Amino acid sequence: MNPSNLKPAFDKKNIALCLTADQNYLPFASVTICSIIKNMDIKCNYDIIIFCSGVTDKEKQKVCSLRERKENISIRFIEMKDFFSKEIQKKIYLSDYFTEAVYYRLMIPAILINYEKILYLDCDIVVLKDISKLFLKNIDNYFL
């Protein structure tokens, strides 16, 4: 996939959210997505992008079904094997706790180049309020 092809899913009030998951963490990412949907503002559009590896089409369809025919939610998957060459894989530290998926978040600026702002969420959290409030917070004067 060419990063320049990936555009925001919605023209207006696009709340761009990015998660990373491999096959082992996809169930946890699903809980995070359910909590986002449960607490969302129907006036906003939620553009959920999951950087993943090893996730089957059937598993992707299951996650996408969480939308429940809501028109203001988009769930898309980016297969990261296209961005992690064998050279890169040899250079990163991996262990039982540090899988390749841990490093996917570092690729957000290189892949989501058509986005002005993206909120990265770990896939093991539960969102208790509308996430758009955090996304829309003015952070112009903050480095991190």
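The values are calculated or read from the model by the stated rules, or taken from the named source; none is laboratory data. Note that the coordinates shown come from a computational prediction; the quantities given were computed from them, not determined experimentally. All Cβ positions, even for glycine, are placed from backbone atoms using ideal geometry, and neighbour counts span all protein chains on display. Remember, those area values only see protein heavy atoms, side chains included, never the ligands or the DNA or RNA. Shrake-Rupley method; radii C 1.70, N 1.55, O 1.52, S 1.80 Å.
Things to note:
- Mean separation of Cα contacts under 8 Å (6+ apart) over length of the chain, as relative contact order %: 40 percent
- Above-threshold pairs, the threshold being 21 Å between Cα atoms, out of LYS13/LYS70; LYS70/LYS117; LYS12/LYS58: LYS70/LYS117; LYS12/LYS58
- Cβ-placed point charges (K, R +1; D, E -1), dipole of the chain about Cα centre in debye, nearest 20: 320 debye
- Cα gyration tensor category, rounded, prolate or oblate, for region 1-60 with a/c compared to 1.5: oblate
- Longest exposed-site-free window of the chain, the sites being chymotrypsin sites (Phe, Trp or Tyr not before Pro) in a DSSP loop that have at most 14 other C-beta atoms within 10 Å: 1-92
- From phi via Karplus (6.51, -1.76, 1.60), per-residue ³J(HN,Hα) for region 30-41 in Hz, x at Gly/Pro: 4, 5, 4, 4, 4, 5, 5, 5, 4, 10, 6, 8
- Region 96-144: trypsin sites (Lys or Arg not before Pro) in DSSP loop, at most 13 other beta carbons within 10 Å: LYS117, LYS129, LYS137
- Heavy-atom accessible surface of the chain: percent carbon and sulfur, 1.4 Å: 55 percent
- When the charge dipole of the chain is built from unit charges on Cβ atoms (+1 for Lys and Arg, -1 for Asp and Glu) and taken about the Cα centre, the candidate among LEU136, TYR25, VAL55 whose Cα reaches farthest toward its positive end is LEU136.
- Dividing the helix sum by the residues of the chain, where each DSSP H run of 4 or more adds -39500 (n - 2.57), gives a mean residue ellipticity at 222 nm of -6000 deg cm²/dmol.
- Net length available on complete extension from LEU66 to VAL31 is 11.6 nm, with 0.36 nm assigned per residue and the Cα-Cα distance removed.
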